[in-house]
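The values are calculated or read from the model by the stated rules, or taken from the named source; none is laboratory data. This is a predicted model, so every value here is computed, not measured. Cβ: placed from backbone, ideal geometry, glycine included. Neighbour counts: every protein chain shown. Keep in mind that these areas ignore ligands, DNA and RNA; they rest on the heavy atoms of the full protein, side chains included. Shrake-Rupley method; radii C 1.70, N 1.55, O 1.52, S 1.80 Å.
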Amino acid sequence: MDRKHIDYFISVLGKDNVLVTEEERICYSYDGTFNRGLPDVVLMPEKTEEVAKIMKYANEIKVPVFPRGAGTGLSGGSVPQDGGIALVLSRMNQIKEISREDLLVVAGPGVVTGKLHKAVEEEGLFYPPDPASSAVCTIGGNIAENAGGPRAFKYGVTRDYVLGLEVVTPTGDIMRTGGKTVKNVTGYDLTRLLTGSEGTLGVVTEVILRLVPKPQTKSTALIAFDKLVDAARAIGSIVANGIIPVTIELMDDTTIHCVEANNKIGLPLDVEAVLLIEVDGKAEQVKSDIEDIAEICRKEGASSVEVATDKAGMDRLWKGRRAVSASVLQLGPTKISEDATIPRSQIPAMVVKLKEIAKKYDIPMPIYGHAGDGNMHPNIVADKDNPEEMARVKKATDEIFEAALALGGTLSGEHGIGLMKKDYMEMAYGKVGVDYLKAIKKAVDPNNILNPGKVF
Amino acid sequence: MEKKEILTSELQKEFNKCSRCGTCMAHCPLYEATGMEAFVCRGKLELLTKIEKGEIAWTDKLAEIFSTCLLCGGCHYGCPNGVSGEKIIQLARKNMVETRGLGPIKKGVFQHLLNNNGTLNKAGKLMYLSSKFKVRPLMRSLGILKLFPKNLYDLEKMVPAFPKKNFRQLMADKLPQKELSNPRYTVAYFTGCVTQLMNPQVGVAIVDLLTANNVKIILPEQGCCGMPALANGDYKNGLDLVRKNVESFQKEKVDYIITDCASCLGAWEEYPEYLQDESVKELTDKVMDINRFLIEVLDVHFEPQLADGEKPIKVTYHDPCHLKRTPGGKTCPRELLKRLAPKYEFVEMKFADSCCGSAGSFMITHYDVANKIGEKKYKAARESGANIVTSACPTCIMHLADGLQEDKNIEVKHVVELAASCLPKEQQTKIK
Ligand SMILES: Cc1cc2nc3c(=O)[nH]c(=O)nc-3n(C[C@H](O)[C@H](O)[C@H](O)COP(=O)(O)OP(=O)(O)OC[C@H]3O[C@@H](n4cnc5c(N)ncnc54)[C@H](O)[C@@H]3O)c2cc1C
Ligand code: SF4
Ligand code: SF4
């Protein structure tokens, strides 16, 4: 990048917040996928005004800007394309206000989600969205991707907690949307439009998030089923009985075998599926809910039920689920984590279809995920350096998306479109829909400066 | 550019498993202090992929990035895919040194201060002179200080005043008197550089504790454990030291080998791997941290009394990275402190097990960053209300003492020093 531009950025941000060497830039050329793109410069602003200045300047010199939180995205959303500016927001990491009366928190976009959890829980409050990457990912990234997580079944996703935003528009102006009230119908609901916009419509520089009181207690059950269809039916029965667990996680037989091979937790190896179910709330409610769940599952054909109510016991049951993502790597070095999502009632049909696809293309595909809300994570394990295999992977992925759409589902439940799924957008959205999206983008970002090449 | 083979085949397999998930960022003290992705495992592994493929070469910048790592293993511990970041980074440094030699700063530190016994003593004397007579110009003229970046001119402040006699000199005429007629065990003591040269009172405390418990202690010929050199990629000098230590200790017939230094312990445990020699395991299996030895093997007990009106002294404890993940590494030092009641009262401090930032020679070569990491720790130590902060690693102790030097009411000591002070008076050796 031209020295003149670098000097300008240094004048705005200071030398320490402008990274120019190739070695440092390489460290911002990736996210949690295998996509790569080397930025020409890395900028780390600390204030909204700095972000605004960067955006204005980028429009003048016509250089694209790629917002980045912690770079844990699973769709290539923050990865630069053909150079440009990597705009890293992790330094805007202040928690500015926690209000017990208004039940809200005001924070910078760079606050790590897990740190926000901790801070509000110390005040007896609770911020439910809990992507599995919470220990590292940022609130800004969560908003841009509308991140979910295991607790989404009961509590919903990020979008359900965003009350208001401060954003820098793609042309470099500062705007506020929403506010501190739960009810707000003043104008279009831009807060919702920006939530899940994958950093293409504005740079989030401050967020106001809704909180709920912290649940008193929780309890976890690990339930094994000889037949996968029974497990799927049990999920329906639980919901039909009026119980809404926080989480219902499913692991199929391939997944169970991978986990056991690495960890020796004692999961049953002769079953087709296990469910991990967690409930929370007042102590008595939790107790009766978990008993009811155990009862329902037994009736639906569960072969074993194990319940834990203390922290150590729950940790043990969760250990297997936490080990999944690493354990499946024994099947191959590259993991492609899909998150096609379907209506809950279609889970059995989807699982059957996924198994067919895995067999047809001869690709290991452990299936697990947030079964409670139909957000499955079929994981294709392959070797990215093997072109022949990757060609099969591409075909399998196509069929997974087709299957999900055919069952009334969607391409992505929580990871976003980014680079990875944009080729499928028209299939999911139709041409009219995609044109509508493009029209919005063009209206607010006439020079196509902010995160170009993503989503569509 | 040509492709490079940097890792062992086993580590290469682990390396390939890194999915760039970023979880290591939550476990890296350096990332927490700097917020720079080049300084965390994930960034370095991406760079290493490019080095392996020959797409980038060992520039000064790259060398600086790879030098900036505490090898604390936080990333490894947190990695869902079990990637040993610290081992991979260390081997990358080896390749770096093979390719472009040790940088001038590192060379200075190792050759003048840390390399082997001889040079250490010379540098040690120099340091002692410097702190006593403020003869920094002398050091400068000898070319040591010149080698450090500007902020390291503070080095002198950090290194404690050198005692006149080092540990082994102090013990030379005393150990024979401590001959026991029918000892429970015979142990060899690997003293480590800091105890040997700077904190002989730690060594003396250990001799007293073991003698009081009817354990015979011997001090075989030994040098530096090799870790400072190895950690920085200088495998030639590092392996030399390792080999010499192994040869010397193999000559002795002992039940255990004890150390008071978590980093030396970590190094010894890796000796078979460094030497690619499984048979060395027979020796290294005997190595044990002193705290664990006192608690698990000897099951020591003390009867310290409070004089009338005397209050217990509050003590807290910092977990060295290289001890906390070993068997009994977290529990034994605490248990030992608890057994010193009522003279000492153990209180847990916040962030007790987070890295202090010392990491051997890192605190010398990266003084500013090391201090930034330490700040959280210093604050927690102050808030704990303890009058004594203890640890079980001499470099952590040095670093904490440096950070807490303004706090006149807080002392930083090795756990064994407190334990020895609870022995009956006649069992304590007096040193001047
Ligand atoms: C191990 C692992 C587990 C995961 N588990 C889950 C899960 O359970 N649920 C889930 O939903 N996701 C999950 N993810 C995906 C990922 O963590 C989320 O998408 C997360 O929200 C990304 O946050 P980030 O800060 O890393 O953002 P990045 O990856 O840096 O960026 C993601 C997108 O947000 C944009 N962006 C970032 N900050 C801003 C900002 N301030 N303003 C505007 N745009 C911005 C970027 O341009 C990009 O498009 C997981 C990822 C990993 C690696
Ligand atoms: S936690 Fe492990 S797999 Fe994830 S980026 Fe770090 S080293 Fe790689
Ligand atoms: S060894 Fe420690 S300092 Fe180095 S990358 Fe890992 S966690 Fe960070």
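Take B:ASP353 and decide whether it is at pLDDT below 95 and within 16 Å of ligand 3 (Cβ to nearest atom). It would help to see each step written out before you state the result.
Working: at pLDDT below 95: yes; within 16 Å of ligand 3 (Cβ to nearest atom): yes.
Criteria met by B:ASP353.
For region B:384-432, enumerate the residues that are touching a residue at least 40 places away in the same chain (Cβ under 8 Å) and of a type in the set (Asp, Glu).
Residues satisfying the conditions are B:ASP402, B:GLU417.
Considering only residues that are within 13 Å of chain A (Cβ to nearest Cβ) and away from ligand 3 (no atom under 13 Å from the Cβ), look in region B:76-95 and name the one that is least open to solvent (accessible area, probe 1.4 Å).
Step by step, filter region B:76-95, then rank; the result is B:ASN81.
Take A:SER99 and decide whether it is touching a strand residue (DSSP E or B) at 6+ places or on another chain (Cβ under 8 Å), open to solvent by less than 30 Å² (accessible area, probe 1.4 Å) and more than 24 Å from A:GLU206 (Cα to Cα).
Values: touching a strand residue (DSSP E or B) at 6+ places or on another chain (Cβ under 8 Å): yes; open to solvent by less than 30 Å² (accessible area, probe 1.4 Å): yes; more than 24 Å from A:GLU206 (Cα to Cα): no.
Criteria not met by A:SER99.
Return yes when B:LEU11 is over 28 Å from A:VAL20 (Cβ atoms), more than 8 Å from chain A (Cβ to nearest Cβ) and more than 14 Å from ligand 1 (Cβ to nearest atom) and no when it is not.
yes
What residue, of A:THR33, A:THR48, is at pLDDT 95 or above and polar (S, T, N, Q)?
A:THR48
Only one of A:GLY83, A:GLY69 is at pLDDT 95 or above and more than 16 Å from ligand 2 (Cβ to nearest atom). Can you tell me which? Can you show your working first?
Details: A:GLY69 fails: more than 16 Å from ligand 2 (Cβ to nearest atom).
Testing whether each residue is at pLDDT 95 or above and more than 16 Å from ligand 2 (Cβ to nearest atom) leaves just A:GLY83.
Picking from A:PRO129, A:PRO150, which residue would you name as being within 16 Å of the chain's Cα centre (by Cα), modelled with pLDDT of 95 or more and either more than 16 Å from ligand 2 (Cβ to nearest atom) or surrounded by fewer than 20 Cβ atoms within 10 Å (Cβ to Cβ) (or both)?
The unique qualifying residue is A:PRO129.
Any idea which of B:TYR344, B:TYR367 is among the hydroxyl-bearing types (Ser, Thr, Tyr) and more than 23 Å from the chain's Cα centre (by Cα)?
Only one candidate passes the filter, namely B:TYR344.
Quick check on region B:164-199: of everything there that is part of a loop (DSSP other than H, G, I, E, B) and at pLDDT 85 or above, which residue is least open to solvent (accessible area, probe 1.4 Å)?
Top of the filtered list is B:THR191.
Being surrounded by fewer than 23 Cβ atoms within 10 Å (Cβ to Cβ) and more than 14 Å from ligand 2 (Cβ to nearest atom) is the filter; apply it to region B:20-50 and report the residue that is farthest from A:SER75 (Cα to Cα).
Going through the qualifying residues, I end up with B:ALA33.
Residues of region B:57-75 being open to solvent by 20 Å² or more (accessible area, probe 1.4 Å) and at the interface with chain A (Cβ under 9 Å from one of its Cβ atoms), which ones?
B:THR59, B:LYS61, B:GLU64
Residue by residue through region B:400-412, note down the ones that are open to solvent by 10 Å² or more (accessible area, probe 1.4 Å) and touching a helix residue (DSSP H, G or I) at 6+ places or on another chain (Cβ under 7 Å).
Start the filter on region B:400-412 by keeping residues that are open to solvent by 10 Å² or more (accessible area, probe 1.4 Å), which leaves B:401-403, B:405-412.
The answer is B:ASP402, B:GLY403, B:ASP407, B:ILE410, B:VAL412.
Taking region A:110-121, which residues are within 14 Å of chain B (Cβ to nearest Cβ) and open to solvent by less than 10 Å² (accessible area, probe 1.4 Å)?
A:GLY110, A:VAL111, A:THR113, A:LEU116
Specify which of the listed residues (B:ARG42, B:ARG20) is of a type outside the set (S, T, N, Q) and away from ligand 3 (no atom under 13 Å from the Cβ).
Values: B:ARG42 fails: away from ligand 3 (no atom under 13 Å from the Cβ).
Answer to the selection: B:ARG20.
Only one of these is outside any loop (DSSP other than H, G, I, E, B), open to solvent by 10 Å² or more (accessible area, probe 1.4 Å) and at pLDDT 85 or above: B:ILE397, B:ILE364. Name it.
B:ILE397
Identify, please: which residue in region B:247-263 is outside any loop (DSSP other than H, G, I, E, B) and open to solvent by 10 Å² or more (accessible area, probe 1.4 Å) and is, among those, nearest to B:PHE66 (Cα to Cα)?
In the first step, residues of region B:247-263 are kept if they are outside any loop (DSSP other than H, G, I, E, B); the result is B:247-250, B:256-259, B:262-263.
Okay, now just the ones that are also open to solvent by 10 Å² or more (accessible area, probe 1.4 Å), so B:247-248, B:250, B:256, B:263.
Details: B:GLU247: 32, B:SER248: 33, B:GLN250: 35, B:TYR256: 36, B:SER263: 20 Å.
This residue is B:SER263.
Restricting attention to region B:320-361, which residues are aromatic (Phe, Trp, Tyr) and crowded, with 19+ Cβ neighbours inside 10 Å?
Going through region B:320-361, the residues aromatic (Phe, Trp, Tyr) turn out to be B:344, B:346, B:351.
Hits for region B:320-361 are B:TYR344, B:PHE346.
Restricting to region A:20-40, name every residue that is open to solvent by 10 Å² or more (accessible area, probe 1.4 Å), more than 12 Å from ligand 1 (Cβ to nearest atom) and either within 12 Å of chain B (Cβ to nearest Cβ) or within 14 Å of A:ASP445 (Cα to Cα) (or both).
Those that are open to solvent by 10 Å² or more (accessible area, probe 1.4 Å), more than 12 Å from ligand 1 (Cβ to nearest atom) and either within 12 Å of chain B (Cβ to nearest Cβ) or within 14 Å of A:ASP445 (Cα to Cα) (or both): A:VAL20, A:THR21, A:GLU22, A:GLU23, A:GLU24, A:ARG25, A:PHE34, A:ARG36, A:LEU38.
So, in region B:18-55, exactly how many residues are facing chain A (nearest Cβ under 7 Å) and aliphatic (A, V, I, L, M)?
4
Identify, please: which residue in region B:57-87 is under 22 Å from the mean Cα position of the chain (by Cα) and of a type in the set (Ser, Thr, Tyr) and is, among those, farthest from ligand 1 (Cβ to nearest atom)?
B:SER67
Would you check which residues across region A:43-77 are under 18 Å from B:ARG20 (Cα atoms) and within 11 Å of chain B (Cβ to nearest Cβ) and list them?
A:ARG68, A:GLY69, A:ALA70, A:GLY71, A:THR72, A:GLY73, A:LEU74
Scan (1) at pLDDT 95 or above; (2) surrounded by fewer than 17 Cβ atoms within 10 Å (Cβ to Cβ) for the single condition B:GLU310 breaks and write down its number.
Failing condition for B:GLU310: (1).
Output yes when any residue across region B:38-45 is in a loop (DSSP other than H, G, I, E, B) and away from ligand 1 (no atom under 16 Å from the Cβ), and no when none is.
Checked against the condition, which is being in a loop (DSSP other than H, G, I, E, B) and away from ligand 1 (no atom under 16 Å from the Cβ), region B:38-45 yields no hits at all.
Any residue in region A:309-327 that is away from chain B (no Cβ under 14 Å) sitting within a Cβ distance under 6 Å of a residue that is among the aliphatic types (A, V, I, L, M)? List the pairs, counting only those 6 or more apart or interchain.
Listed by first residue and then by second, the contacts come to A:MET314/A:ALA308; A:LEU317/A:LEU222; A:LEU317/A:ALA308.
Counting only residues that are over 19 Å from A:ASN35 (Cβ atoms), give me the strands (runs of 3 or more DSSP E) lying completely in region A:45-144 with at least 2 of them.
Of the strands (runs of 3 or more DSSP E) lying wholly inside region A:45-144, those with at least 2 residues that are over 19 Å from A:ASN35 (Cβ atoms) span A:95-99, A:104-107.
Out of region A:41-63, which residues are within 27 Å of the chain's Cα centre (by Cα) and open to solvent by 30 Å² or more (accessible area, probe 1.4 Å)?
Matches in region A:41-63: A:GLU46, A:LYS47.
Search region B:346-361 for residues that are of a type in the set (D, E, K, R) and pair each with any residue that is open to solvent by less than 30 Å² (accessible area, probe 1.4 Å) when their beta-carbon atoms are under 6 Å apart and the residues are at least 6 apart or on different chains.
Listed pairs, sorted by first residue: B:LYS350/B:ALA380; B:ASP353/B:ASP319.
Within region A:333-388, which strands (runs of 3 or more DSSP E) (wholly inside it) include 2 or more residues that are at pLDDT 85 or above and of a type outside the set (A, V, I, L, M, F, W, C)?
A:367-370, A:375-382
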